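Just below is one structure, and these are the notes that go with it.
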Amino acid sequence: TRLAYQTPWRKWSSWCDQQQVDPFTTPVELVVNFLSKLFQDGLQYSTINVYRSAISASHHGIDGRPVGQHPMVTKVVKGIFNERPPLPRYTETWDVEQVLRMIRSWVNNVNLTMKQISHKLAILIALTTACRGSES
């Protein structure tokens with residue numbers, strides 16, 4: 001988490017220096033302005049949410065709650081989500097039936113190359129595990 005928050009915190013601190021405010025006790029209005037600026041600069045919802053979390057992790061809080069849970073901040077973040085929703089992680093999928101048809105056509109393993117046998121095995125293992133392709 002610390003590693004993920006380093007860059008957002010540095011940018012937040014730099015922005016606060018420009019505004020001549022303490023990044024640990026900044027008023028909620030300035031936090032909202034900063035998050036809005038990130039949105040205007042074209043950052044995606046998930047990136048802005050990391051900034052919100054990084055600020056909230058070190059900020060002393062406002063009205064007895066973490067700054068990231070302040071109603072003004074949550075409204076802005078929700079608005080950013082609505083205006084620029086996160087894209088699905090996987091934009092492409094493949095048809096399992098098509099892959100299975102291909103494997104079925106490779107009936108006799110004796111006639112397959114080692115590369116084809118390796119591909120067949122890898123595909124069958126991937127299809128029988130609950131892992132994502134990136135985790136195999």
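Sorting V50, V77 by accessible area puts them as V50, V77; the probe is 1.4 Å, largest comes first, and only protein heavy atoms count.
Over the chain, DSSP H runs of length four or greater, each weighted -39,500 (n - 2.57), average out per residue to a 222 nm ellipticity of -19500 deg cm²/dmol.
Compared with the dominant principal axis of the Cα atoms in the chain, helix 96-105 is inclined by about 20°.
Compared with the dominant principal axis of the Cα atoms in the chain, helix 45-58 is inclined by about 50°.
On the chain, 54 percent of the accessible area sits on carbon and sulfur atoms, based on a 1.4 Å probe.
Converting phi to 3J(HN,Hα) with the Karplus coefficients 6.51, -1.76 and 1.60 and the offset θ = phi - 60°, region 9-20 yields 5, 4, 5, 4, 4, 5, 4, 5, 4, 5, 8, 6 Hz in sequence order, with x at every glycine or proline.
Here the convex hull built on the C-alpha positions of region 50-136 has a volume of 146 cubic angstrom per residue. Straight-line cross-link partners of K37 among the lysines, defined as a Cα under 18 Å from its Cα and at least 8 positions apart when in the same chain: K11, K75, K78. Rolling a 1.4 Å probe over the protein chains gives F81 an accessible area of about 90 Å². When the residues K120, K75 are ordered by accessible surface, computed with a 1.4 Å probe over the protein chains alone, the sequence from largest down reads K75, K120.
Here the extension length gained between V28 and Q98 equals 19.8 nm, from 0.36 nm per residue of separation less the Cα-Cα distance. Solvent-accessible area per residue in the chain equals 71 Å², computed with a 1.4 angstrom probe and all protein chains kept. The label-point distance for A4 and K120, in a model that sets each label 7 Å from Cα toward Cβ, rounds to 4.2 nm. Given a 1.4 Å probe and the protein chains as shown, E29 ends up with an accessible area of around 100 Å².
Going by accessible surface with a 1.4 Å probe and the largest first, T26, T129 read T129, T26.
What's the angle, to the nearest 10 degrees (0 to 90), between helix 114-128's Cα axis and the longest principal axis of the chain? For 114-128 against the chain, the angle is about 50 degrees.
The values are calculated or read from the model by the stated rules, or taken from the named source; none is laboratory data. Predicted, not measured: the structure shown is a model, and the values here were computed from it. So basically every Cβ, Gly included, is an ideal-geometry build from the backbone, and we count neighbours across all protein chains shown. These area figures cover heavy atoms from the full protein model, side chains too; ligands, DNA and RNA do not enter into them. Shrake-Rupley method; radii C 1.70, N 1.55, O 1.52, S 1.80 Å.
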